[in-house]
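The values are calculated or read from the model by the stated rules, or taken from the named source; none is laboratory data. It should be emphasised that the depicted structure is a prediction, and the values quoted were computed from it without experimental measurement. Don't worry about glycine lacking a Cβ; one is built from the backbone with ideal geometry, like all the others, and counts go over all protein chains shown. To get the accessible areas, we keep the full protein, side chains included, count just its heavy atoms, and leave off ligands, DNA and RNA. Shrake-Rupley method; radii C 1.70, N 1.55, O 1.52, S 1.80 Å.
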Amino acid sequence: MAGLSAALIGASFIPARAGAKMPPAPAVPVPPAGPWARTGDIQRAGGVLHYATLGSATDKPPVILLHKLGGWLSDWRFVAPALAEGRQIIAFDLPGHGGSRWSGEPPYLQTLEETAATLVGALDEMGIDQIDLIGTSLGGCLSVPLAVRWPERVRKLALVSCALGGHRTLAEIREDVDAKQANLYDRNGYPVPTKPELLTQIFGIVNTGPINADGIDSRKAAGRWIQPSERGVAFADIMGALPRIQAPTLLVYGEFDKAYVKFRSDAEKALKNSRTEVVPNSGAFVMQDNPAATAEILKRFVNEA
C-alpha cells in the first residue's frame, strides 16, 4: 500500500546478475486529476524531479508538500486548495515516485540525505531561498535532515505521520526490513496489490476503499524505488537529529493511527520548539482520510506569525 512505513515495508531484492535483463516494468498509472495550476520537471543529476504548483507567490515563502513512501504528489490533492489560499504551493514527486524518473537501476539504499540535497538543488534552480515544509511518511522523514543541514531554508516544518526512528545497520535492515516484508513485492522487487483491510489493521484508515485503490496505483508508479527509499528511512538516525531542528515544528497524527503514534512521545521530548495536533476521525494517512480537518490544521500552522 502506498506509504507503508519504515517499520512495515521492505522485501529481499537480489540484484540481477551482470548482463542479465530485468523484465519490463509494469505500465505506470496516470495519477488522479488534481487541482494543480501548473506542472513541470526539474532536471537533476541522473534524473528528473516532477512537481506541481497551485496558488500565487506572496511575501511568505512557498509551502512545499512531500508525499508518503510509495505515494505521489497527488496524495495532497484534497488538501492543497485550502493551503493555496493566499500562498503558493509546490508539491514534489520524490525520486523514482510518481512522475519523477531516474536513469538506470535503483540503488539498494536511497538515503534521506541525498534526496534532501536533490530537493535543495531543485529549489536553488527554481530561485527559492526559504520554504515552509510539510512532509508525510517518507516526505516527513527526509524533511528532518533537510531542516537540520539547511536551517536557513526552512521557516516552518510540519511532520505528518512519520516513522521518526533511530539508525539501523545494513545487516539489521536486511533482517528486519527486507526479509520480513517479502510478501509485499514480487521476485523482481515490484510491489504487489494490497487488500483494503490491511490499511485498517496497520494504519487505522477509515476510508479504506478509495485510499487503497489510489495506493495500488501510486505504488505501481514508484515500482522498485519503494524499497531503496524505505531502507533510507531505516538507515537514518531521524530521532537523533530532531534536537538539531531550529524551525518551529508541528507533529500531526491521525486519531486512529496505529503505525506512527509510537514515535510521538520521544519526538515531543526531542524537539526544541514543537506542538502536536491530532486529526479526528482519521487513520495515519490524514491528508486522504480526513483532508478538510488536516488542511485546517496545516493552514493554521503555516500562516501563524
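Going through segment 39-60 one residue at a time, which ones are more than 14 Å from residue 128 (Cβ to Cβ), touching a helix residue (DSSP H, G or I) at 6+ places or on another chain (Cβ under 7 Å) and touching a residue at least 40 places away in the same chain (Cβ under 8 Å)? Within segment 39-60, 44 is the sole residue that qualifies. With respect to residue 159, determine if the residue is more than 24 Å from residue 282 (Cα to Cα) and touching a Cys at 6+ places or on another chain (Cβ under 9 Å). Judged against the criteria, residue 159 is not a match.
What do you reckon, is residue 143 under 21 Å from residue 273 (Cβ atoms), modelled with pLDDT of 95 or more and not aliphatic (A, V, I, L, M)? So residue 143 fits the description; yes.
Being of a type in the set (Lys, Arg) and touching a strand residue (DSSP E or B) at 6+ places or on another chain (Cβ under 7 Å) narrows it down to one of 244, 224, 219, so name that one. Criteria check complete, one pass: 219.
How many residues does segment 120-131 hold that are in contact with a Lys or Arg (Cβ under 9 Å, 6 or more places away or on another chain) and either buried (at least 24 other Cβ atoms within 10 Å of the Cβ) or of a type in the set (A, V, I, L, M, F, W, C) (or both)? Can you show your working first?
To start, the set of residues in segment 120-131 that are in contact with a Lys or Arg (Cβ under 9 Å, 6 or more places away or on another chain) comprises 120-123, 125, 128-131.
Subsequent filtering for residues that are either buried (at least 24 other Cβ atoms within 10 Å of the Cβ) or of a type in the set (A, V, I, L, M, F, W, C) (or both) retains 120, 122-123, 128, 131.
Total meeting the criteria: 5.
Considering 85, 105, 125, the condition of being charged (D, E, K, R) and either under 24 Å from residue 152 (Cα atoms) or under 19 Å from the mean Cα position of the chain (by Cα) (or both) is satisfied by 125 alone.
In segment 276-295, of all residues being open to solvent by 40 Å² or more (accessible area, probe 1.4 Å) and in a loop (DSSP other than H, G, I, E, B), the one that is farthest from residue 159 (Cα to Cα) corresponds to 281.
Within segment 212-249, the set of residues being open to solvent by less than 10 Å² (accessible area, probe 1.4 Å), β-branched (Val, Ile, Thr) and assigned to a helix (DSSP H, G or I) comprises 226, 238. Of all residues in segment 124-141, those satisfying the criterion of being outside any loop (DSSP other than H, G, I, E, B) and touching a strand residue (DSSP E or B) at 6+ places or on another chain (Cβ under 7 Å) are 125, 131, 132, 133, 134, 135, 136, 139, 140. Total residues in segment 60-114 satisfying the condition of being buried (at least 24 other Cβ atoms within 10 Å of the Cβ), among the β-branched types (Val, Ile, Thr) and not in a strand (DSSP E or B): the figure is 1.
Whether a residue is at pLDDT below 95, outside any loop (DSSP other than H, G, I, E, B) and open to solvent by 20 Å² or more (accessible area, probe 1.4 Å) was assessed, and residue 117 does not pass this test.
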